[in-house]
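Presented below is the structure to which this report refers.
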Amino acid sequence: MAAQDIIIRPIITEKSMIGATEKKYTFEVAKKANKIEIAKAVEEIFGVKVSKVNTINVRGRLRRQGRNQGYTRSWKKAYVTLTQDSKNIEFFEGMM
């Protein structure tokens, strides 16, 4: 898999922005990607050094609209921690 196929999108929430100040970034990643592939993809795309990666499988939630109901899609979330000597990811700089 290419690095662009592994990292789908960054997660921009209040909690993730607080983590970005401590060099912890949150991304939506491909469901089949493992921690090693995620670390290499982040290093390749953003040019930083990754210290560790934590992953979570997010289950789809039941949603209703009137009498119709269905589930949102399931996806995988990755928390990426950078090393202390690494530079910050520039994409998150303008949002803090």
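The values are calculated or read from the model by the stated rules, or taken from the named source; none is laboratory data. Bear in mind the structure is a predicted one, so any value in this text is a computation, not a measurement. All Cβ positions, glycine included, derive from the backbone under ideal geometry; neighbour counts span all protein chains shown. Please note that ligands, DNA and RNA were not included when accessible areas were found on the heavy atoms of the full protein model with its side chains. Shrake-Rupley method; radii C 1.70, N 1.55, O 1.52, S 1.80 Å.
What residue among 72, 55, 81 has the largest mean-square fluctuation in a Gaussian network model of the chain, using Cα springs under 10 Å?
Top of the fluctuation ranking is 72.
Kindly report the accessible area of the chain per residue (heavy atoms of protein chains, probe 1.4 Å, no ligands, DNA or RNA), in Å². Before the final figure, lay out the partial values.
On the way: 6740 Å² over 96 residues.
Dividing the accessible area of the chain by its residue count gives 70 Å².
Once the piece of chain linking residue 51 and residue 93 is laid out straight, how much longer is it, given 0.36 nm per residue of separation minus the C-alpha distance between them?
Between residue 51 and residue 93, full extension yields 13.2 nm more.
If you find the alpha carbon centre of region 1-55 and of region 61-88, how far apart are they in angstrom?
Result: 12 Å between the Cα centres.
Above 20 Å lies some portion of the pair distances; for the chain, what is it as a whole percent of all C-alpha pairs?
Value for the chain: 39 percent of Cα pairs lie more than 20 Å apart.
Quick one: Karplus J couplings for region 69-83, per residue in order, coefficients 6.51, -1.76, 1.60, θ = phi - 60°, nearest Hz, x for Gly and Pro?
9, x, 10, 6, 6, 7, 8, 10, 10, 10, 9, 10, 9, 8, 6
Quick one: compute a quarter of the convex hull surface over the Cα atoms of region 20-71 and quote it in nm².
Computing the convex hull of the Cα atoms and averaging its projections yields 5.3 nm².
Quick one: pull the percent of accessible area on the chain belonging to carbon and sulfur, 1.4 Å probe, ligands and nucleic acids left out. Mind showing how you got there, number by number?
Numbers: 3240 of 6740 Å².
Its accessible area is 48 percent carbon and sulfur atoms.
Quick one: angle between helix 35-46 and the longest Cα principal axis of the chain, in degrees between 0 and 90, rounded to 10, please.
Orientation of helix 35-46: about 60 degrees from the principal axis.
Can you tell which of 58, 50, 29 shows the greatest fluctuation in a Gaussian network model of the chain with Cα springs below 10 Å?
Most flexible of the set in this elastic network: 58.
Across region 88-94, in residue order, what do the Karplus-derived ³J(HN,Hα) couplings come to in whole Hz, using 6.51 cos²θ - 1.76 cosθ + 1.60 with θ = phi - 60° and x for Gly and Pro?
Once rounded to whole Hz, the list reads 6, 7, 5, 4, 7, 4, x.
When the helices in the chain are scored as -39500 (n - 2.57) per DSSP H run of 4 or longer and the sum is shared across all residues, what 222 nm value do you end up with, to the nearest 500 deg cm²/dmol? If you can, show how the numbers build up before the last one.
Values: 4 runs with 27 residues, N = 96.
Calculated mean residue ellipticity at 222 nm is -7000 deg cm²/dmol.
Just to be sure I understand the model, the point goes 7 Å from the Cα along the line to the Cβ. What's the resulting residue 40 to residue 69 distance in nm?
Here the answer is 4.3 nm between the modelled labels.
Please report the relative contact order for the chain, taking Cα pairs under 8 Å with a sequence separation of at least 6, and give it as a percent rounded to a whole number.
Averaging sequence separation for qualifying contacts and normalising by length gives 31 percent for the chain.
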